[in-house]
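Undergrad: Below you will find the structure I want to go over with you.
Each value in this text was obtained by applying a stated rule to the coordinates, not by laboratory testing. For clarity, every value in this text was computed on a predicted model and none was experimentally measured. Cβ placement follows ideal geometry from the backbone for every residue including glycine, while neighbour counts extend to all protein chains displayed.
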Amino acid sequence: MTIKSLQELKDFIKSKDNVRNFINCSDVPDICKTEPCMLGVDEAGRGPVLGPMVYGIAYCPVDQTKILHTLGCADSKALTEEKRDDIFTKMLSEEESLNNVGWVAEVISPNYISNSMYRRAKHSLNEVSMNSAIGLIKKAAESGANITEVYVDTVGPPEKYQAKLAEIFPNYKITVAKKADSIYPIVSAASIVAKVTRDHALKVWQFLEGLEMSHTEFGSGYPGDPLTKKFIRDQIDNVFGYPMLVRFSWSTAEHMLQERAATCTFEEVDDQGATKKPKKSISSFFAKPDEEKARKRSHKFFEERHLTVSNPFE
Amino acid sequence: MSIQVENNLKNADNTEIFEQKAHYIPCKIEDDGPANVDKYFEPYVTDNNGELSGSFRGYPLDGTKMTFPEGYRAVVVTEAKRPLAEDAERKFQVAGGFKEFTYWNWDKKPSKNDNMVKALDWIDISEAIHGD
């Protein structure tokens, strides 16, 4: 099913599971299957402590870029929300756009972000981002688009990212740049796809935790937004912390939970994810061996099974 | 110190109280009281042919259903008020129990090498040593 309006976008997002990632995409315009195409990549919602991060791509024939200007694709951050909604609506419904511009969006759930960053061997947000971008470019190519040029917006240093993409996609001309969405209209289009999808994902967010709250109450999700601040301060469950709208791995959320929820301690691991063994202190080598303790040491059988004699009622 | 456990539920009509749901979470939670398990945790548990996955405080969990060895079950007891004197008799009330539980590991598939599984070995061994 291909969505044709913002209402259908909302319904589509609503039908999806809040905690899992999902992809939404247009049909591949026929002309994009034969003509060489440029493809733009951008993201929305990298910084917020609430809600999903969305990666978006848009592509069109290299010699049809005037359609992007007709649509009004420019630096998406300089566009108002109404203007972005308006452009995306045109991309969903107007013949000229449907015939020339294809797009794909991946919604990366807040839970997926937290879970990745809190794995035994941590995955950084950069890795999550890069994997999504690579997956979307591959998806466009696999569904038949004849991609020849790729433009990517990045917040980090472009060189490493560019080298990595060039290695994966040796046949594409790849350009990674800061502020690419204000330089390349195809990246602006990708940025609009991502931003409008994220905005609507927040609009239709349903709390399985039973909170009756709309996005007008929890705000934009940016840690500086007063409504978001209030949400992070007030919506705490003593045991579970937060509803799944929240990225637990954001320091704003971590600090608040340290202060206002039950303390939770997980096993300590090193960078590779292996369990840390408690270190012996230097002084322990000089101290007199504790004979009492040594005598009471239990058999290896019990030690290996972490069994001790104790009284749970103490 | 002596301990007395009272079971006022033994003639209860609903057996469900002894078949409650329980989760073993791989994390020390410094709290003792009710928890919104059905709202904050269970809606997010998914079952892929017995391989469960869930999430606690943003940490990814892998889980599996576990039962107790034959003849064993878990009982939950509560104490209305702990006596002030160390050596006073303590009274507990049976509040319920469970026959199976969900065992969770942090980002690691449950296996026979998990401490919980290894600890339950003792029950068979003790049977062999102390049984008739």
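Undergrad: Tell me, what ³J(HN,Hα) does each residue in segment A:55-60 have, in order and in whole Hz, if you take phi through Karplus 6.51 cos²θ - 1.76 cosθ + 1.60 with θ = phi - 60° and put x for Gly and Pro?
TA: 9, x, 10, 9, 9, 7
Undergrad: Still on this structure, please answer the following. Ignoring everything except DSSP H segments at least 4 long, calculate the 222 nm mean residue ellipticity for chain B; use -39,500 (n - 2.57) per segment, divide by total residues, nearest 500.
TA: Computed mean residue ellipticity for chain B: -4500 deg cm²/dmol.
Undergrad: Over all distinct Cα pairs, what is the inverse of the mean 1/r for chain A, reported as the Kirkwood hydrodynamic radius in Å?
TA: Numbers: mean 1/r = 0.0451 Å⁻¹.
When all Cα pairs of chain A are included, the Kirkwood radius is 22.2 Å.
Undergrad: Can you figure out the FRET efficiency of A:E159 with A:V269, using R₀ = 25 Å and their beta-carbon distance, to the nearest 0.05? Walk me through the intermediate numbers first.
TA: On the way: r = 31 Å, r/R0 = 1.25.
With R0 = 25 Å, the Cβ-Cβ based efficiency is 0.20.
Undergrad: So what are the ³J(HN,Hα) numbers for segment B:33-44, from phi and the Karplus equation (6.51, -1.76, 1.60; θ = phi - 60°), rounded to whole Hz, Gly and Pro as x?
TA: x, x, 9, 7, 4, 6, 9, 9, 10, 5, x, 9
Undergrad: Rounded, prolate or oblate: pick one for segment A:1-72, where a ≥ b ≥ c are the square roots of the eigenvalues of its C-alpha gyration tensor, a/c under 1.5 means rounded, and failing that, prolate if a/b is larger than b/c, else oblate.
TA: Working: a/c = 2.27, a/b = 1.68, b/c = 1.35.
It is prolate, given that a/c is not under 1.5 and a/b is the larger ratio.
Undergrad: Output the DSSP H helices from chain A with an along-axis C-alpha extent of no less than 20 Å and a mean Kyte-Doolittle hydropathy no less than 0.0.
TA: On the way: long enough: A:125-142 (25 Å, 0.24); A:185-203 (27 Å, 0.51).
The qualifying helices are A:125-142, A:185-203.
Undergrad: Continuing with this model, one more query. Is the shape of segment A:36-127 best called rounded, prolate or oblate, per the rule: a/c under 1.5 gives rounded, else a/b larger than b/c gives prolate, else oblate, with a ≥ b ≥ c the square roots of the Cα gyration tensor eigenvalues? Working shown, then result.
TA: On the way: a/c = 2.87, a/b = 2.01, b/c = 1.43.
Judged from the Cα gyration tensor, segment A:36-127 comes out prolate (a/c at least 1.5, a/b above b/c).
Undergrad: Sticking with this one: With a ≥ b ≥ c taken as the square roots of the eigenvalues of the C-alpha gyration tensor of segment A:91-224, please select rounded if a/c is under 1.5 and otherwise prolate if a/b is larger than b/c or oblate if it is not? Could the numbers behind the result be given before it?
TA: Details: a/c = 1.97, a/b = 1.30, b/c = 1.51.
In terms of gyration-tensor shape, oblate.
Undergrad: Can you give the three extents of the C-alpha atoms in segment B:10-84 along their principal axes, from longest to shortest, in whole Å?
TA: Principal-axis extents of the Cα atoms in segment B:10-84, largest first: 42, 33, 23 Å.
Undergrad: On C-alpha positions alone, give me the angle between the axis of helix B:115-130 and the longest principal axis of chain B, in degrees, nearest 10.
TA: 50 degrees
Undergrad: If you take the charge dipole of segment B:3-131 about its Cα centre, with +1 on Lys and Arg Cβ and -1 on Asp and Glu Cβ, which of B:V75, B:I29, B:L9 is farthest toward its positive end?
TA: B:I29
Undergrad: Applying 1/(1 + (r/R0)^6) with R0 = 41 Å to the Cβ-Cβ distance of B:A74 and A:D234, what FRET efficiency is obtained, to the nearest 0.05?
TA: Numbers: r = 36 Å, r/R0 = 0.87.
E(calc), rounded to 0.05, equals 0.70.
Undergrad: Compute the FRET efficiency between A:E94 and A:K300 as 1/(1 + (r/R0)^6), taking r as their Cβ-Cβ distance and R0 = 51 Å, and round to the nearest 0.05.
TA: Working: r = 74 Å, r/R0 = 1.46.
Computed FRET efficiency for A:E94 and A:K300: 0.10.
Undergrad: Could you work out the Rg to Rh ratio of segment B:3-131, with Rh taken as the Kirkwood radius (inverse of the mean 1/r over all Cα pairs)? Each step should come with its number before you reach the end.
TA: Details: Rg = 17.4 Å, Rh = 17.2 Å.
Reported Rg/Rh, Kirkwood definition of Rh: 1.01.
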